[in-house]
Amino acid sequence: MKHSKHPPYILLDSGNSRKLEQAGAYRIIRPALNAFWKPSLPESEWNKADAEFKRDSGGGGTWTWKNGRRPDDWTLSWGGINLYVKPTQFGHLGFFAEQAPNWDWLRSCISRMPTHPKTLNLFAYSGGATLAMSSAGAETCHLDASGGIIEWAKKNQALAQNPGKIRWICDDAMKFVGREQRRGNRYNGIVLDPPSFGRGAQGQVWKIEDGIENMLLNCRKILDMENPYFILLSCHSQGFSPISLGRCLGEVFREDAPLIETGEMTIPEHNTARLLPAGIYARIFRK
């Protein structure tokens, strides 16, 4: 099934703790708290924005649209994936542009693995990594605790020219991993981007600094360690660095610690060599 060409996502500029993005058909301004520098483009370019999101003290914020015309959703293309985007009350659009290099890495891993590896995307959100893996030939399980987010991911799958095979699961990530252990199911690759903080249905509190080791230990138990495998851990939490995240991974996968790659997730600015840092990752691929 062929689809019409979707306009691209472009990071136009950043500075003064904000970023100027061309998100498909719309130019928007959103916070970028680590953009301490001055913008490169003139103010006149920023003034062409269709919308701006400003945070409030409660963790949410407000979108302001020119002439009050706010679209419900629209489409764009980024990192080789077509995506539905929609402004949320937290200032998100429904995808994280900094993950695109990880999507490329996942495609590369799968291309060097046996045919149709089984992969799992935990905390999968709107499915960028899911679609990267499934389109590369993996049989992918997409898990998120929000049914609404899974429906969003399914809309993204409908935009894909090569959607691949995807199993959709709405559940708590660690409860599902525990059941997979008991069922004896094994995966050849796991992707996880856990939240910094959260509360479960029974009020249980999740803090990444307290739970990350146990989470990785449980993920290891459902990885097929006898064959080629990968694990990709990404993080947007304060207090973590690429080195500290890599050490967390290395404590659980000690035999493969020399294979660990770590770094910052970044978004390239359009027509410059500059990068906007936007998170960190640690990952292993053992052939």
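The values are calculated or read from the model by the stated rules, or taken from the named source; none is laboratory data. Quick caveat: nothing in here was measured; it's all calculated off a predicted structure. Cβ sites come from the backbone with ideal geometry, for glycine too, and all protein chains shown count toward neighbours.
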**Fill in**
Filtering the stretch 221-249 down to residues that are out of contact with any strand residue (DSSP E or B) (no Cβ under 8 Å at 6 or more places or on another chain) and closer than 17 Å to Ala282 by Cβ yields Ser237, Gln238, Gly239, Ser244, Arg247
**Message:** Quick check on the stretch 53-71. Is at least one of its residues of a type outside the set (Lys, Arg) and in contact (Cβ under 8 Å) with a residue 60 or more places away in the chain?
**Reply:** no
**Item:** Cβ-Cβ under 6 Å pairs, at least 6 apart or on other chains, the stretch 119-141 side assigned by TED's automatic domain parsing to the domain that holds Gly164 and under 19 Å from Cys235 (Cβ atoms), far side part of a strand (DSSP E or B) and of a type in the set (S, T, N, Q)
**Value:** Ala129/Asn121; Thr130/Asn121; Thr130/Thr140
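Determine whether Glu21 is of a type in the set (Asp, Glu), at pLDDT 90 or above and exposed (fewer than 13 other Cβ atoms within 10 Å of the Cβ). Spell out the reasoning first.
On the way: of a type in the set (Asp, Glu): yes; at pLDDT 90 or above: yes; exposed (fewer than 13 other Cβ atoms within 10 Å of the Cβ): no.
Considered against the rule, which asks whether it is of a type in the set (Asp, Glu), at pLDDT 90 or above and exposed (fewer than 13 other Cβ atoms within 10 Å of the Cβ), Glu21 comes out as no.
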**Item:** Restricting the stretch 90-104 to residues that are surrounded by fewer than 18 Cβ atoms within 10 Å (Cβ to Cβ) and assigned by TED's automatic domain parsing to the domain that holds Ala136, the residue that is nearest to Trp65 (Cα to Cα)
**Value:** Pro101
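Could you check the stretch 102-134 and list, in sequence order, the residues that are farther than 23 Å from Thr266 by Cα and in contact with a Gly (Cβ under 9 Å, 6 or more places away or on another chain)?
Passing the criteria: Ser111, Met113, Thr115, His116, Pro117, Lys118, Thr119, Leu120, Ser134.
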**Message:** Kindly evaluate Ser40 against the criterion of being surrounded by 12 or more Cβ atoms within 10 Å (Cβ to Cβ), over 25 Å from the mean Cα position of the chain (by Cα) and closer than 22 Å to Asn271 by Cβ.
**Reply:** yes
**Prompt:** assigned to a loop (DSSP other than H, G, I, E, B) and of a type outside the set (Lys, Arg): does that describe His142?
**Reply:** no
**Request:** Output the residues belonging to the stretch 242-287 that are of a type in the set (S, T, N, Q), within 22 Å of Arg18 (Cα to Cα) and more than 17 Å from the chain's Cα centre (by Cα).
**Result:** Asn271, Thr272
**Request:** Being under 28 Å from Thr75 (Cβ atoms) and in contact with a strand residue (DSSP E or B) (Cβ under 6 Å, 6 or more places away or on another chain) is the filter here, so list the residues in the stretch 26-39 that pass it.
**Result:** Ile28, Ile29, Arg30, Pro31, Ala32, Ala35, Pro39
